[in-house]
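The values are calculated or read from the model by the stated rules, or taken from the named source; none is laboratory data. From a predicted model like this one, the values you see are computed outputs, not experimental measurements. Counting neighbours? That spans all protein chains shown, and the Cβs are built from the backbone with ideal geometry, glycine included.
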Amino acid sequence: MFSTIRRIMQWSGERSHRLYIGFVYSFFHTLFTAMPIMGAAYGLNLILKDRSGEITLTADWAFYMLGFMVIMVAGRFWFAYLRATTQESIGYEVTAEQRIVIGDILKRVSLGFFSRRNTGELASAVTTDLSFIEMLGMKMIDVVVNGYISALTMVLCLAFFNGWVALIALAGILASAWFLKLLGRRGNVNAPVHQKAQDAMIAATIEYVRGMAVVKSFKQDGVSVAGIRQAYKASKDINIKIEKNYVPYNCLHLFALKAASVGIVLAAALSAARGSMDIPAMLMMAIFSFVIFGQVEQMNSAVHVLKIIDATLDKLEGIEQASFIDKDGRDMDLSAHDIRFQDVTFAYDQRDVLQDVSFTIPENTTTAIVGPSGSGKSTLCSLMARFYDVDRGSVSIGGVDVKAMTCDSLLKNISMVFQKVYLFRDTVFNNIRFGNPEAGFEEVVEAARKSCCHDFIMNLPEGYQTVIGDGGVTLSGGEKQRISIARAMLKDAPIVILDEATASVDPENEHAIQQAISNLVHDKTIVIIAHRLATIYNADQILVLDQGRIAQRGTHAKLSGQEGVYKRFLTIREAAEGWSML
């Protein structure tokens with residue numbers, strides 16, 4: 001339990017000193033809580049002495065006692081306020097920074113990192129997991145550390161009046177601490193299982209929502225729901241199991257404290273009966289027995305929460321310790337933009353995709369990459385942008401190995417238009433300006449005009465300020481594609497990679513988009529993954545991939561006269577693009 005508290009304090013970083021200040025405030029808060037009880041006992045003792053004739057009380061004493069109580073109550077609330085404002089905001093501040101840190105880390109890891117990780121695990125890390133620490137991390141420090149500070153402070157107050165009573169209270173605290181330790185051992189087993197079930201539940205929910213269109217179109221509601229129901233049931237079952245595992249230790253923990261409370265009352269009563277303690281002190285002890293363990297009793301739930309936080313911190317540390325793909329790279333400016341692959345071999349896990357691939361793309365030329373599905377076309381482009389590192393061989397741009405550069409210095413030279421366009425839940429203006437955050441409104445509009453976006457954007461409810469849905473779901477495929485092209489135009493990088501950039505464009509707009517692409521690629525190094533013949537004809541060179549190797553290379557005029565993969569590709573495409581309804 002305390003090891004997790006220590007981890008949370010370390011996680012707080014430079015703000016941890018505020019936690020220590022909060023502990024001081026907690027001590028004084030408890031002191032000001034105990035003082036009115038002792039003050040009441042002292043006042044009752046004065047009243048009894050006045051009635052027995054030992055002393056004579058005046059009205060001044062009543063005002064003194066009232067003033068003392070007001071000061072104590074005000075002090076209690078003042079120190080509670082100071083503790084809360086000092087400690088409780090730390091979680092919100094640190095998690096806000098932590099989310100940015102994780103975002104920066106995820107930008108710099110290989111895309112293979114994401115294929116090896118469960119979607120729900122990554123999604124929950126920056127959402128539910130960090131929110132859990134955000135909401136409960138500081139609260140647990142308050143419950144555990146401040147709880148023990150409170151209890152031990154009251155034990156010291158009891159010791160001032162009667163050492164034996166104080167020892168009974170201390171024994172109750174130590175016994176409960178032992179049972180909490182046993183509870184923590186169960187938590188060490190349960191917390192990772194709980195975390196895994198939580199991740200699986202989030203992953204199943206994300207998959208269900210993303211696949212809703214497929215579910216509806218194939219009327220497979222029952223099949224698709226089975227996975228999400230199973231994930232929810234597993235989460236429910238593990239939580240119930242955890243609660244059942246904790247019940248015996250919870251009961252023993254509470255029993256130890258309640259037994260100590262009873263022991264305090266009995267010891268005080270016996271002392272009073274023997275004449276070694278007066279009645280006001282005995283009543284004070286009885287009142288203390290009701291409040292001394294108040295915060296310690298809450299620690300049973302804190303143990304479970306702390307173990308989940310511990311498992312969460314393990315997961316976050318696993319993400320933070322991920323190897324950066326550009327950890328050895330340097331920021332540099334390229335003087336040329338030719339692309340060279342030298343004996344490149346690459347595999348996704350154990351599946352070979354590229355084998356001994358070598359080619360050169362001269363600067364300011366257009367290279368088309370064609371080949372059957374799964375031949376490695378998109379992988380080639382991913383290696384150029386260093387989304388992955390090659391297993392063997394090298395990829396260089398402008399004579400510089402991409403491994404020698406940071407991702408930022410590499411990617412500032414590359415604009416990419418993907419086949420699967422992703423747009424953010426933001427305004428159309430910001431989605432286009434994503435290519436160049438410094439661009440002004442006129443520059444964005446000019447890029448939109450060149451990519452044939454402007455007209456349909458102006459027909460949207462709020463024009464460029466219209467907020468589009470997640471992934472651009474409120475736009476058609478062709479509209480998203482054109483916005484993606486506008487974004488690449490605005491970036492104006494010297495290397496442009498087009499992965500089926502016209503795949504979702506209707507024939508009505510294809511000519512205009514082709515013109516827009518011509519504007520985009522003017523005086524640049526172009527790499528095009530294409531299936532449409534119009535995109536391929538004018539390429540300076542064509543690379544034909546087949547089963548992860550370069551099967552053919554050359555111009556359209558050269559390759560169309562050779563038997564091989566390219567000629568078969570032409571035959572199929574010409575038949576597909578020239579079909580008609582009889």
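Assorted remarks:
- Scan of segment 420-444 for residues that are in a loop (DSSP other than H, G, I, E, B), out of contact with any Phe, Trp or Tyr (no Cβ under 8 Å at 6 or more places or on another chain) and surrounded by 16 or more Cβ atoms within 10 Å (Cβ to Cβ), ordered by number: Val421, Leu423, Gly435, Asn436, Ala439
- Which numbered condition Leu380 misses (of (1) in a loop (DSSP other than H, G, I, E, B); (2) more than 28 Å from the chain's Cα centre (by Cα); (3) hydrophobic (A, V, I, L, M, F, W, C)): (1)
Table: residues versus (1) within 16 Å of Ile495 (Cα to Cα); (2) outside the structural domain of Gly548 (by TED's automatic domain parsing); (3) touching a residue at least 40 places away in the same chain (Cβ under 8 Å); (4) aliphatic (A, V, I, L, M).
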site: Val353; (1), (2), (3), (4): no, no, yes, yes
site: Glu363; (1), (2), (3), (4): yes, no, yes, no
site: Pro372; (1), (2), (3), (4): no, no, yes, no
site: Lys377; (1), (2), (3), (4): no, no, yes, no
site: Leu380; (1), (2), (3), (4): yes, no, yes, yes
site: Asp389; (1), (2), (3), (4): no, no, yes, no
site: Cys407; (1), (2), (3), (4): yes, no, yes, no
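- Selection count, segment 44-65, where residues are part of a helix (DSSP H, G or I) and loosely packed, with under 11 Cβ neighbours inside 10 Å: 5
This table checks each residue for (1) in the same structural domain as Leu306 (by TED's automatic domain parsing); (2) surrounded by 15 or more Cβ atoms within 10 Å (Cβ to Cβ); (3) modelled with pLDDT under 80; (4) not hydroxyl-bearing (Ser, Thr, Tyr).
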{"site": "Trp178", "(1), (2), (3), (4)": "yes, no, no, yes"}
{"site": "Val189", "(1), (2), (3), (4)": "yes, no, yes, yes"}
{"site": "Pro192", "(1), (2), (3), (4)": "yes, yes, yes, yes"}
{"site": "Gln195", "(1), (2), (3), (4)": "yes, yes, yes, yes"}
{"site": "Ala200", "(1), (2), (3), (4)": "yes, yes, yes, yes"}
{"site": "Glu207", "(1), (2), (3), (4)": "yes, yes, yes, yes"}
{"site": "Val225", "(1), (2), (3), (4)": "yes, no, yes, yes"}
{"site": "Lys244", "(1), (2), (3), (4)": "yes, no, yes, yes"}
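- Among residues of segment 251-291, those that are aliphatic (A, V, I, L, M) and crowded, with 20+ Cβ neighbours inside 10 Å, counted: 11
- Residue within segment 511-524 that is at pLDDT 80 or above, within 30 Å of Asn436 (Cα to Cα) and not assigned by TED's automatic domain parsing to the domain that holds Phe359 present: yes
- Candidate set from segment 304-351 (those that are under 30 Å from Asp129 (Cα atoms), of a type in the set (Lys, Arg) and touching a helix residue (DSSP H, G or I) at 6+ places or on another chain (Cβ under 9 Å)); member that is surrounded by the fewest Cβ atoms within 10 Å (Cβ to Cβ): Lys315
- Taking segment 281-315 as the range and being of a type outside the set (Val, Ile, Thr) and within 12 Å of Arg7 (Cα to Cα) as the test, the residues that pass are Leu306, Lys307, Asp310, Ala311, Leu313, Asp314.
- Residue selection: Tyr81 fails the criterion of being under 25 Å from Gly294 (Cβ atoms), of a type in the set (Ser, Thr, Tyr) and at pLDDT below 80.
- Segment 43-56 residues that are under 11 Å from Asp278 (Cβ atoms), paired with ones that are part of a helix (DSSP H, G or I) and not β-branched (Val, Ile, Thr) (beta carbon under 8 Å, 6 or more apart): Leu44/Pro280; Leu44/Leu283; Asn45/Pro280; Asn45/Ala281; Leu48/Pro280
- For segment 397-419, a tally of residues being of a type in the set (Gly, Ala, Ser) and assigned to a loop (DSSP other than H, G, I, E, B) returns 2.
- Of all residues making up segment 252-298, the number that are touching a residue at least 60 places away in the same chain (Cβ under 8 Å) and part of a loop (DSSP other than H, G, I, E, B): 5
- Of all residues in segment 430-455, those satisfying the criterion of being over 16 Å from Asp492 (Cβ atoms) and without any contact (Cβ under 8 Å) to a residue 24 or more places away in the chain are Asn430, Phe441, His454, Asp455.
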